[in-house]
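Here is the structure we will look at.
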Amino acid sequence: MGGSECPLRKLNKHISYIQKVVALVVMIGALPFFNNASASAREEKGESQKSRVESGKPRVESEWLDDYSQPVGLTYSAQATLNAAYLWRGLYVGAANLQASASVGYGGLYADLWWNIGTTDWRFNTFQPEMDITIGFNRWGLNAYALLVHNFNCGLFDFSNRVGSGGNSFEVGARYTVSSKLPLSFLWATRLSATDGYIDAIGDTIRAYSTYAEISYTHALPHGLSLYGAIGITPWKSVYTGYQRDFAVQNIEIRLRKDWDLSKHCGLKLQGALSINPSALAADKSSAQWHPYNPGNQSINANICAGVYLK
């Protein structure tokens, strides 16, 4: 075999890794349910019948499952930001840009329209408008969605998979957040159509089903500050690594955000972000250098953005 690893053994390794990740997600995600069940059992035994007033103040019990607010009626939100860079899942997508979104929902169902107008690099020679349409369901900490990404370089209903110049991309995914008391989130997103393939040894186009999985945590700080950290991986050959590697650590990201509430429904934000792509950095040591006119070569990127939002 020339020292090469058996494909079946490689597949088994990937399956084993995915099983471990799923087990970890299930264990952490199940904690709120066990906590709630334990509280219910105590109440049945009469422990909760004791006075809940201590020192003249009502005692507040922590109920994980009660933490999720139930959507009431029609909801809406919107925001717009100016960004120094367009960073996405460990990849540099573009330079200075304006991004905006508007969302409307009812009873957990929602639709979101997001668009980007920006330049590919700091020469400002090429602009790349993008529009994303999302439809999803967000309840009980679970946000399941379907996403259409339209890059304006093809027809709106073009979903062809031509290597190098495919159509729009279609993605399905789900994000689970434990609760606002423990804002630990797990994301799984898989691309189902469009530019998402590579040519194998015999010349056939293989659909990659590019997948990105991420674990993230948001920590609230005083004075309207919040700190966000995330680690993302791609479990098999995908668009994120240029179809060059199988499993890869794709993204290590840190964001620091400051919010100012102007009113009950409006605010301002200022955010700084640092993103490192360990897979790209390991493949090309020079990518750690600063490339102002070709930042796509970088595996270490930063962004600063300022915006306004309605809620």
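The values are calculated or read from the model by the stated rules, or taken from the named source; none is laboratory data. Just so you know, these numbers come straight off a predicted model, no measurement behind them. Glycine also receives a Cβ, built like all others from the backbone with ideal geometry; neighbour counts cover every protein chain displayed. Accessible surface areas use protein heavy atoms only, side chains included; no ligands, DNA or RNA. Shrake-Rupley method; radii C 1.70, N 1.55, O 1.52, S 1.80 Å.
Its Cα centre serving as origin, segment 187-277 has a Cβ charge dipole (Lys and Arg +1, Asp and Glu -1) of approximately 320 debye.
Each label was represented as a point 7 Å from its Cα along the Cα-to-Cβ direction; for THR218 and LEU74 these points are 2.5 nm apart.
Accessible area per residue for segment 163-279 is 47 Å², calculated with a 1.4 Å probe on protein heavy atoms, without ligands, DNA or RNA. Which pairs break 29 Å Cα to Cα here: LYS181/LYS311; LYS181/LYS269; LYS181/LYS258; LYS181/LYS237? The answer is LYS181/LYS237. Database remark: amide H of ILE206 closer than 5 angstrom to the amide H of TYR198, ILE199, ASP200 (H placed geometrically; neighbours at sequence offset of 5 or more, or on other chains; Pro and chain starts carry no H). Between SER193 and PHE170, the built amide H atoms are under 5 Å apart, and every one of these is 5 or more places off in sequence or on another chain. Which FRET efficiency, nearest 0.05, do GLN289 and ALA96 yield, Cβ-Cβ r, R0 30 Å? E between GLN289 and ALA96, to the nearest 0.05, is 0.90. Largest accessible area first, the residues TYR86, TYR110 order themselves as TYR110, TYR86 under a 1.4 Å probe with ligands, DNA and RNA left out.
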